[in-house]
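For reference, the structure is listed below as structure tokens.
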Amino acid sequence: MSEATSSTPTLTTALTAVATTASVAIVLRAIKRRFSPTITSTLQCKCGKIRGHVRAKYEDSFRIHCYCQDCRDYANFIASLGGNKDETIGKEFGDNRVVQFCKNAITIEQGQEHLKLAIKKKKKSKGKIYIHQFYAGCCHVPLMNTVDFLGFVGVFCDFLDQTAVEQWDGPCRMFQSEGFGQPNPPFPNPTWAPFIWKMIRYMPWRKSGPFDYDLTPVYWGEDSNGEKKEEKKKDK
Ligand SMILES: [Zn+2]
Ligand SMILES: [Zn+2]
């Protein structure tokens, strides 16, 4: 037998093992999801003009406490649109909290016309993927962050039922080095495999939900020339 032919059965065995492991993992995950509890929450902006709900299984949720500066800048910018620059939703350590769901988990029953779009200006070198940030135009609070061609959406916890929020999966922390400290004990770092799997699984619903990506956005942050942030320009 030549070397080439003797390596073929080994490769076939390895590929079969990988395929079998992947299939078993997918089936086990599907069974786990099937028996996972469904949790429902109201979704309501601060002034109550926008009302809806979120209905999602525990397995289809992912709570994140994000400590990044970008989230704080965005929350400050949205608050500044209403003249309440200091009235933001950041927590003790500068974190903003969201729960990620599949887009089809979100229903808006009232006040859809108040749902507005914000987009962060980007330097050209940073590529063309934009986060679509939907906020309440009526009371100037951030509500949901998503990307037009992906199936998931992050909903700000402040506008959900806290009892429901605590029942969803998590929380985990992100960008903790940009925060003002950490709780003791700190929240765990995310496990990426389930997160990536959910992102792939939600893809068929990328066009679902109450999101109008054709709205004229308000731009915030630095532009391509690195000019001052719009939030500062608007500071009165
Ligand atoms: Zn409102
Ligand atoms: Zn963040």
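The values are calculated or read from the model by the stated rules, or taken from the named source; none is laboratory data. Keep in mind that this is a model prediction, so the values were computed, not measured. Here Cβ is always computed from backbone atoms with ideal geometry, including for glycine, and neighbour counts include all displayed protein chains.
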### Summary
Exactly one of Ile39, Ile50 is of a type in the set (Val, Ile, Thr), in contact with a helix residue (DSSP H, G or I) (Cβ under 9 Å, 6 or more places away or on another chain), within 16 Å of ligand 1 (Cβ to nearest atom) and modelled with pLDDT of 95 or more, and that residue is Ile50
### Task
State the number of residues belonging to region 53-78 that are surrounded by 22 or more Cβ atoms within 10 Å (Cβ to Cβ) and more than 16 Å from ligand 2 (Cβ to nearest atom).
4
### Task
From Gly82, Gly94, Gly137, grab the single residue that is at positive phi and surrounded by fewer than 23 Cβ atoms within 10 Å (Cβ to Cβ).
Gly94
### Task
Report whether or not Tyr135 is within 16 Å of ligand 1 (Cβ to nearest atom) and assigned by TED's automatic domain parsing to the domain that holds Pro204.
yes
### Query
Taking the stated definitions as given, is Asp148 over 20 Å from Ser36 (Cβ atoms), of a type in the set (Asp, Glu), assigned to a helix (DSSP H, G or I) and more than 15 Å from ligand 1 (Cβ to nearest atom)?
no
